[in-house]
Amino acid sequence: MDSGGGEVDARDRLGELSDLFASRRLVVVSNRLPYNPHRAREGICYIKGSGGLVTALDPILRLSNGLWIGWDGGTGASMKGKRVTISEPEGEESYQLRFVDLTEKEVGHYYYGFSNRTLWPIFHNFIGMSRFNSVHWKTYFKTNAYFAGTILEEANPSDIIWVHDYHLSLVPNFIRYQNPDLKPYFFLHTPFPPYDTFRVLPWCKPILEGLLGSEKIGFHVKGYADNFLDCVEKILNAPVDRESGVVELPGREVKVGSHPISIDYNAFRDTALTKQVMKRAQKHRSRIGDRVVILGVDRLDYTKGIKERLLAVERFLERYSRYRNRILFIQVAVPSRTRVEEYRVMKKEVDETIGRINGRFTGEGWPPIQYIYRLLSREELVAYYRIADIALITPGRDGMNLIAKEYVASQVDKQGVLILSEFAGAAEEQTEALLVNPYDIETVSETIYKAIKMPSGEKRARMEKMQDLLEERDIYYWVRDFFEEVS
Ligand code: ADQ
């Protein structure tokens with residue numbers, strides 16, 4: 001996704017906050033850098049990632065002459081602690097990347113191990129999937145210290161340091177401990193679990209202490225912030241003020257707030273209106289005919305509820321037999337964390353379930369499920385959003401879920417229906433969606449029927465309300481809202 005307008009656009013949309021970033025350098029820290037280095041014949045080239053965070057922060061970093069610190073993702077073009085300047089596209093301000101170099105072993109233990117086999121499942125309330133391994137923890141600790149060391153080398157007290165996500169939960173305290181003049185901000189992109197879940201983690205205390213090195217900690221929704229405050233109170237015995245969202249520590253306060261992340265609404269809407277996307281969408285339609293298109297898009301992750309969703313589609317086909325051969329469920333999945341055992345097992349299950357359902361319901365050569373297992377370009381993705389009569393977004397647990405928002409923004413004809421899990425952070429704002437419990441297969445299948453039967457006027461009214469809110473609370477609103485009280 002490209003916002004298209006670059007720095008000028010970002011200035012406009014950041015409002016007064018653009019002055020803050022123009023006068024104080026923004027230093028973003030995340031596990032992965034926004035650009036992936038690749039070895040090409042003419043040297044190393046940098047390919048921009050497609051995530052929402054990159055899209056939002058790229059123009060802000062440019063106007064701030066900022067710096068992004070992170071790992072290169074092991075793309076094979078080892079950057080060994082290098083610093084490079086991103087000066088493309090021509091004519092726009094540049095900003096810098098500082099590479100944090102990780103060994104294979106560190107990647108295995110810190111990233112695939114503690115981050116993705118311990119914290120990821122426990123933060124999503126999948127306790128049974130969490131692995132507790134003290135070697136992974138030690139490497140996580142050391143790697144966080146290493147990231148913090150890099151920040152200490154690069155940053156100065158006038159910088160705004162913004163650390164992102166569960167991979168780096170210890171970084172804020174490491175920074176503050178070594179240089180109290182540096183004041184890091186933190187945003188967690190996953191949910192934060194309730195006390196009874198979080199306390200199961202043998203390292204729950206140092207994780208909380210690590211996060212509390214921040215000036216402010218942001219969560220997507222109030223429920224996650226409340227869970228965090230509960231844990232701080234019960235595990236660390238620290239006084240918290242729930243009303244104002246503050247943890248009181250000796251000599252300072254940590255602010256805790258909810259700031260739902262969003263998307264570049266205008267960019268998605270504009271992409272949906274391009275000739276290129278319309279052509280693609282028409283091509284799909286002429287292939288599919290007037291069948292009802294139901295769409296699921298996810299990173300292939302066990303938290304996204306793909307298996308249960310497939311079972312709900314199967315149940316729908318059982319219950320509403322007249323719709324056999326009259327619907328097409330398109331599941332788009334992007335490969336994810338394929339080195340982790342749980343993800344490989346899950347992929348096998350999804351493959352088999354799709355095969356079984358297609359085997360069972362394929363009539364006259366038309367299988368009810370089309371499965372696309374790869375990363376799509378922005379245009380390809382938006383073309384699918386455009387033709388989807390129904391988006392079936394049913395994670396078992398999800399910090400926010402940007403697909404739900406991208407679907408709404410791309411619905412320029414306002415005739416789509418969003419079926420959304422009540423366990424996604426997005427459900428708190430997208431209240432005009434049909435909200436479902438993704439584990440209740442029967443009700444999800446019924447809701448698909450309800451969505452098919454929804455009158456056109458109701459579809460339009462619901463979609464307009466969701467679009468209005470999203471247009472106002474886009475990704476720039478998220479940044480403004482998070483940094484509102486910083487001067
Ligand atoms: P994710 O778990 O990665 O993010 P999500 O919010 O759904 O989940 O974002 C996925 C992104 O990947 C979307 O922008 C989407 O367009 C893109 N994507 C997915 N499948 C794709 C495909 N096949 N091809 C191309 N692009 C694809 C984490 C949290 C979420 C939270 C975000 C942001 O788990 O809950 O919303 O961070 O904070």
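Structural remarks
- Structure-based [θ]222 nm, the chain - -39500 (n - 2.57) summed over DSSP H runs of at least 4, per residue, nearest 500: -12500 deg cm²/dmol
- Charge dipole (Cα centre; +1 on Lys/Arg Cβ, -1 on Asp/Glu Cβ; no other charges) of the chain amounts to roughly 1860 debye.
- Largest to smallest principal axis extent of the C-alpha atoms in the stretch 25-68, angstrom: 33, 20, 17
- Distance histogram in 20 Å bins (all Cα pairs of the chain, percent per bin): 23, 57, 20, 0
- In this label model, Val486 and Tyr195 are separated by 3.1 nm, measuring between points 7 Å along each Cα→Cβ vector.
- Solvent-accessible surface of the stretch 265-471, taken per residue with a 1.4 Å probe and all protein chains present: 41 Å².
- The charge dipole of the stretch 265-471, taken about its Cα centre with unit charges on the Cβ of Lys, Arg, Asp and Glu (plus for the first two, minus for the last two), comes to roughly 840 debye.
- For the stretch 265-471, the fraction of alpha-carbon pairs in successive 10 Å shells from zero, as %: 9, 37, 40, 14, 1
- Cα centroid separation, the stretch 81-151 to the stretch 246-279: 22 Å.
- The distance between label points at Arg339 and Arg285 comes to 4.5 nm (points 7 Å beyond Cα on the Cα→Cβ vector).
- Surface/4 estimate of mean projected area, convex hull on alpha-carbon atoms of the stretch 59-213, nm²: 9.7 nm²
- Once backbone amide H atoms are built at 1.01 Å from N, Val163 has Val29, Tyr185, Phe186, Phe187 as its partners under 5 Å, excluding neighbours fewer than 5 places away on the same chain.
- Taking a straight Cα-Cα cut-off under 24 Å and skipping sequence neighbours fewer than 8 places away in the same chain, the lysines within cross-link reach of Lys275 are Lys48, Lys283, Lys405, Lys414.
- Backbone amide hydrogens, once placed in the peptide plane, bring Arg25 within less than 5 Å of Ile160, excluding anything fewer than 5 places away on its chain.
- Dipole-positive endmost among Gly49, Val479, Gly15 within the chain (Cβ charges, Cα centre): Gly49
- Relative contact order of the chain: 13 percent, from C-alpha pairs under 8 Å at least 6 residues apart in sequence.
- Computed E for Thr274/Lys465 - FRET, C-beta separation, R0 22 angstrom, nearest 0.05: 0.30
- Within the chain, helices built from complete DSSP H runs that reach 15 Å or longer along their own axis (Cα positions) and carry a mean Kyte-Doolittle hydropathy of 1.0 or higher are 52-63.
- Distance in nm between pseudo-label sites at Arg83 and Met454 (7 Å out along the Cβ direction from Cα): 5.1 nm
- Other-chain or far-sequence residues with amide H under 5 Å of Val334's (modelled H): Asp298, Arg299, Leu300
- When each of Lys142/Lys205; Lys255/Lys465; Lys105/Lys138; Lys222/Lys255 is checked by Cα-Cα distance, pairs over 22 Å: Lys255/Lys465
- Within the accessible area of the stretch 265-471, the carbon and sulfur atoms contribute 48%, probe 1.4 Å, all protein chains present.
- Packing-based ranking of 373-386, 349-362 yields 373-386, 349-362, ordered from highest to lowest mean Cβ neighbour count within 10 Å.
- The relative contact order of the stretch 63-208, computed from alpha carbon pairs under 8 Å that lie at least 6 residues apart in sequence, is 19 percent.
- Both radii are taken from the alpha-carbon atoms of the stretch 150-241; with Rh as the Kirkwood radius, Rg/Rh is 0.97.
The values are calculated or read from the model by the stated rules, or taken from the named source; none is laboratory data. Since this is a predicted model, take the numbers as computed values, not measurements. Please note: Cβ atoms are built from the backbone with ideal geometry, for glycine as well, and neighbour counts cover all protein chains shown. Note: areas computed on protein heavy atoms with side chains; ligands, DNA, RNA excluded. Shrake-Rupley method; radii C 1.70, N 1.55, O 1.52, S 1.80 Å.
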